[in-house]
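Worksheet: the structure to be examined is printed underneath.
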Amino acid sequence: MRTIRVVTASVVAGILSAFLFIGVGGRAAMKFIALMSGHELTLSIEGTLAALVFSTSIGVAGGVVFPLLQRYLPRSLKAKGGSFGLMVFVVLIPMLPSAVREEAAALDEYIPLAITVFGLLLMGYGVVLEAMARSLLELSRRKTSVLNDISYEVRPNLTTQSTHHTHISRRQECELCESLP
């Protein structure tokens, strides 16, 4: 059960962070680099859709792979997420969709700038994936522990008006229960 929660939290975090950093951030970075280089780069709809589909796919894959690799990564949040993001960056370079590769080919001598910007974006993706997955897992753990906590009890009670009510409390009586004879 814990494995399912970990993978689910990582996949959700992976999709959201990849959409934000790789999809939206990647398209913004392409436009920024084009402006810096003086090239006229028109972002096509098909290139944008390809980037968003690609980023979502990477988010799912990254979310599945991250729990498997995280024990081999550095302990701190930033180092763990950043390392994972850089590993994803190295793997992604040869896998870019053709529409995105065509747009990148127009950058010529600004490739080092593109590598730096996209490297930073993917490091951000990894850090946010780690932080978000950790938060989602903690939220899931808290919900489960509240439901399984034996100090919480569910008791039916009758009020003086003979209406039935149920409450969850930490052994505290409600005003209606205290008024019972």
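The values are calculated or read from the model by the stated rules, or taken from the named source; none is laboratory data. These numbers were taken from a predicted model, which means no experiment stands behind them. In this analysis, Cβ positions are derived from the backbone assuming ideal geometry, glycine residues included, and neighbour counts consider all displayed protein chains. Keep in mind that these areas ignore ligands, DNA and RNA; they rest on the heavy atoms of the full protein, side chains included. Shrake-Rupley method; radii C 1.70, N 1.55, O 1.52, S 1.80 Å.
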Carbon + sulfur, % of accessible area of the range 1-153 - ligands and nucleic acids excluded, 1.4 Å:
71
Could you grab the Rg to Rh ratio for the range 15-133? Cα atoms only, Kirkwood for Rh.
0.98
Within the set of other residues whose C-beta is less than 13 Å from the C-beta of Pro74, count the net charge using Lys and Arg as +1 and Asp and Glu as -1.
+3
Charge sum, other residues only, whose C-beta stays under 14 Å from Leu121's C-beta, Lys/Arg counted +1 and Asp/Glu -1
+2
Restricting everything to alpha-carbon atoms, can you work out Rg to Rh for the range 32-80 with a Kirkwood hydrodynamic radius?
1.21
